[in-house]
1. Looking at segment 45-136, which trypsin sites (Lys or Arg not before Pro) are in a loop (DSSP not H, G, I, E or B) and have at most 15 other Cβ atoms within 10 Å?
2. Give me the angle, in degrees from 0 to 90, between the Cα long axis of helix 119-135 and the longest principal axis of the Cα atoms of the chain, rounded to the nearest 10.
3. Using 1/(1 + (r/R0)^6) with R0 = 41 angstrom and r between the beta carbons of I112 and S66, what's the FRET efficiency to the nearest 0.05?
4. Give the calculated FRET efficiency between K39 and Q127 to the nearest 0.05, with a Förster radius of 35 Å applied to their Cβ-Cβ distance.
5. Could you work out [θ]222 nm for the chain from helices alone, using -39500 (n - 2.57) per DSSP H run of at least four and dividing by all its residues? Round to the nearest 500 deg cm²/dmol.
6. Along each of its three principal axes, how wide is the spread of alpha-carbon positions in the chain, in whole angstrom units, largest first?
7. What FRET efficiency would be calculated for the residue pair A105, S24, taking the C-beta separation as r and a Förster radius of 41 Å, to the nearest 0.05?
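Since every read-out is calculated from the coordinates, none of them should be taken as a lab result. Owing to the predicted nature of the structure, the values given are computational and were not obtained by experimental measurement. Here the Cβ is made from the backbone with ideal geometry for all residues, glycine too, and neighbour counts use every protein chain on show.
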Amino acid sequence: MAHREPVTPPAEEPTIGRLVVDASRDVSTLIKSEIELAKSELKVSLRAGGISLGLFAAAGFLVLLSIIMLSVAFAYFLTLWFDWDLAWSFLIVFGVYVLVAALLAFVGVKKIKTVRPPERAIEQGKQIPAAFKRSS
């Protein structure tokens, strides 16, 4: 008598519904994983950005302090060079700063008057609803 191997029934093929359920579950898992990855990367980036921002703020503060010290030194040099009273030297330094600030404000006002809205982008934005109406 010949030895026969048991016949295994053919594997049941998945239905369309089962494939759709599996695909949607896999896509959902993939999206959740991508969101978690993005969150972890953002945490690292935000931490580094926060530290950098703090360092830039500290550097800016130190520059501000150095400008104040430079101003005091300039006032004292004016007192030594021209034999003026110290108060007049500080007033002259103050006046120079006011003139520089006025000049910067004047240039800023001139520049801001040249600012225009993005007319081409606005016009293209107005055309978007019409493009959707034509395509449907």
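1. Counting only loop positions with at most 15 other Cβ atoms within 10 Å, the trypsin sites (Lys or Arg not before Pro) in segment 45-136 are K113.
2. 20 degrees
3. Result of the calculation: an efficiency of 0.90.
4. 0.40
5. Value at 222 nm, helices only, nearest 500: -30000 deg cm²/dmol.
6. The principal-axis extents, from largest down, are 128, 51, 18 Å.
7. 0.10
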